[in-house]
Amino acid sequence: MTTERILIIDDDPDICLLLKKYLSKKGYDTFIAEDGREGEKWLKENKADLVLCDFKLPDYTGLEMLQKIKIIDNQIQVVIITGYSDVRIAVEALKKGAFEYVTKPLYPDEILITIKNALIARADKDESENTSIKKSIKKSKQHLKTYVSGVSPSSLTVGKHIDLIAPTDMSVIILGETGTGKEYVAKAIHHRSKRAEMPFVALDCGALPKELAGSELFGHIKGAFTGAINDKKGCFEAANGGTLFLDELGNLSYDNQIKLLRVLQERRVKPIGSNKEVSVDVRVVVATNENLKEAVKRDEFREDIYHRLNEFNIELSPLRERSDDVEVFAKHFLSEANDLLDKSVDGFSAKTMEVLKAYTWHGNLRELKNVVKRSVLLCQEDQVDVMHLPQEILVPETEGVGSMDVSFNGELPQDLKSVAEEAEKRAILLVLKHTNNNKSKTADLLKVDRKTLYNKLKAYDINI
């Protein structure tokens with residue numbers, strides 16, 4: 001088997017040296033680029049299976065670099081390295097096609113697990129991989145069949161809707177923010193349907209360069225365009241008899257939307273460059289984090305496709321609106337992390353769970369999963385304690401307290417005291433919002449007693 005090739009793009013020589021040394025020992029061919037332009041040049045001249053890319057490069061942002069990598073070779077897996085305060089930006093990178101993000105400080109074991117998962121996902125699309133890799137993929141697929149339902153009212157409703165719609169052949173639109181588990185819901189629908197023994201094929205439309213989307217969806221024949229060196233089956237053919245999951249559907253170009261509508265109407269696909277049509281029997285489930293109705297009004301998404309796909313819709317609430325689910329998913333991710341890391345952490349301390357429930361999860365379930373995995377990695381005791389959590393989870397400054405815009409309507413403040421009072425008031429309001437107006441949690445996070453908090457609320461005329 002050919003050794004996988006990894007390119008590290010980072011302007012920090014210490015990080016590059018550490019990663020290169022560690023990954024080389026693990027059997028990977030590892031290469032380094034100190035900025036985006038050097039990385040782009042290297043990728044045009046060499047093959048890579050995976051890129052580890054710092055989000056903040058001297059010349060490009062992580063999103064810009066991600067786009068350039070995907071245009072060069074859409075099969076390359078990209079893992080973004082980021083500071084924890086940039087998690088919301090990292091989530092945007094996931095929407096654009098990054099496989100995963102890892103936060104600083106870097107832990108070699110965490111990096112290695114992420115790389116292995118990314119390469120397994122890449123091998124899933126490569127029919128030429130050997131039997132051992134295919135066994136790993138099969139195991140991974142079996143694991144992904146598990147759908148964990150929360151206990152909040154909205155989660156229970158989603159579970160009922162899955163049970164209701166799964167046995168039918170109706171098309172489904174799954175709505176929700178990035179990281180809320182849209183693909184897991186799509187897989188749950190598939191595995192509870194009459195098509196469960198047939199293929200489930202997922203395509204991230206948001207990660208596709210426009211010029212490649214048609215080929216990925218409908219396939220092509222050899223010589224259809226520059227670079228088409230072999231015939232390729234599209235996702236519709238690959239999913240024949242089963243379910244096709246189209247994630248971030250709103251990112252498809254208008255031309256590809258027209259072609260998609262034709263396939264949905266006629267259930268026949270014509271590979272690019274071919275004169276022959278192929279019949280397909282596919283159930284289509286799509287997901288989006290944008291409002292397709294508004295996209296239709298802006299003429300950015302075809303209304304006829306929207307109505308054809310919108311036979312049923314399921315909406316997933318963000319995790320911050322269903323704190324009752326945090327404990328359920330945290331325990332599930334703890335079990336997964338124990339398996340991945342070969343550890344036996346029993347659970348979470350009461351204080352840790354309180355902090356997890358109070359935090360606003362910008363990256364939703366994906367962010368919670370990453371935090372739990374990293375905490376289990378660091379934990380040497382029976383339970384995950386608050387000291388194992390990232391500092392930014394413990395301190396709400398990442399949500400704006402540390403970088404607030406203290407405005408005085410264009411006028412200079414009269415004295416330093418007024419500046420401090422304004423900042424203090426905003427901090428209290430911010431943390432109250434963070435805890436859904438829970439005064440006990442607010443006092444705890446601000447490290448004051450409840451009496452002090454009540455006095456501050458009265459002084460600043462904050463009514464709850």
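The values are calculated or read from the model by the stated rules, or taken from the named source; none is laboratory data. Please read these numbers as outputs of a predicted model, since none were measured by experiment. Note: ideal-geometry Cβ built from the backbone for every residue, glycine included; neighbour counts use all protein chains shown.
Name, by its number, the condition in (1) under 23 Å from Gly83 (Cα atoms); (2) touching a Lys or Arg at 6+ places or on another chain (Cβ under 7 Å) that does not hold for Phe55. For Phe55, the exception is condition (2). Scanning the range 335-365 for residues that are buried (at least 21 other Cβ atoms within 10 Å of the Cβ), in contact with a Gly (Cβ under 9 Å, 6 or more places away or on another chain) and modelled with pLDDT of 90 or more returns Trp361, Asn364, Leu365. Within the range 113-124, residues that are closer than 16 Å to Gly27 by Cβ and assigned to a helix (DSSP H, G or I) have Cβ atoms under 7 Å from residues that are small (Gly, Ala, Ser) and at pLDDT below 80 in these pairs: Ile120/Ser136; Ile120/Ser140, counting only partners at least 6 apart in sequence or on another chain.
Does Val263 qualify as being modelled with pLDDT of 90 or more, of a type in the set (Val, Ile, Thr) and either out of contact with any helix residue (DSSP H, G or I) (no Cβ under 9 Å at 6 or more places or on another chain) or closer than 22 Å to Ile173 by Cβ (or both)? Quick ask: steps written out before the conclusion?
Details: modelled with pLDDT of 90 or more: yes; of a type in the set (Val, Ile, Thr): yes; either out of contact with any helix residue (DSSP H, G or I) (no Cβ under 9 Å at 6 or more places or on another chain) or closer than 22 Å to Ile173 by Cβ (or both): yes.
Against the criterion (modelled with pLDDT of 90 or more, of a type in the set (Val, Ile, Thr) and either out of contact with any helix residue (DSSP H, G or I) (no Cβ under 9 Å at 6 or more places or on another chain) or closer than 22 Å to Ile173 by Cβ (or both)), Val263 qualifies.
Taking the listed residues Leu43, Leu66, the one that is of a type in the set (A, V, I, L, M), outside any loop (DSSP other than H, G, I, E, B), free of Cβ contacts under 8 Å to residues at least 60 places away in the same chain and under 30 Å from Arg320 (Cα atoms) is Leu66, with no other qualifying. Name the residues in the range 95-112 that are within 20 Å of Gly206 (Cα to Cα) and not in a loop (DSSP other than H, G, I, E, B), would you? Listed by number, the residues that qualify are Lys95, Glu100, Tyr101.
So, in the range 183-227, exactly how many residues are surrounded by 18 or more Cβ atoms within 10 Å (Cβ to Cβ) and either of a type in the set (Asp, Glu) or in the same structural domain as Leu94 (by TED's automatic domain parsing) (or both)? Total satisfying the criteria: 2. Test Leu66 against the criterion of being over 27 Å from Asn251 (Cα atoms), hydrophobic (A, V, I, L, M, F, W, C), buried (at least 16 other Cβ atoms within 10 Å of the Cβ) and not assigned by TED's automatic domain parsing to the domain that holds Glu367, and give yes or no. Against the criterion (over 27 Å from Asn251 (Cα atoms), hydrophobic (A, V, I, L, M, F, W, C), buried (at least 16 other Cβ atoms within 10 Å of the Cβ) and not assigned by TED's automatic domain parsing to the domain that holds Glu367), Leu66 does not qualify.
Among the residues of the range 69-94, those identified as β-branched (Val, Ile, Thr) and either more than 16 Å from the chain's Cα centre (by Cα) or not in a helix (DSSP H, G or I) (or both) are Ile69, Ile71, Ile72, Ile76, Val78, Val79, Ile80, Ile81, Thr82. Counting only helices (runs of 4 or more DSSP H) that fall entirely inside the range 183-301 and contain at least 2 residues that are farther than 27 Å from Glu92 by Cβ, the qualifying elements are 235-238, 254-266.
A count restricted to the range 149-176 and to residues that are within 22 Å of Thr243 (Cβ to Cβ) and not in a helix (DSSP H, G or I) stands at 12.
Within the range 173-182, the presence of a residue that is over 22 Å from the mean Cα position of the chain (by Cα) and in the same structural domain as Val263 (by TED's automatic domain parsing) is excluded.
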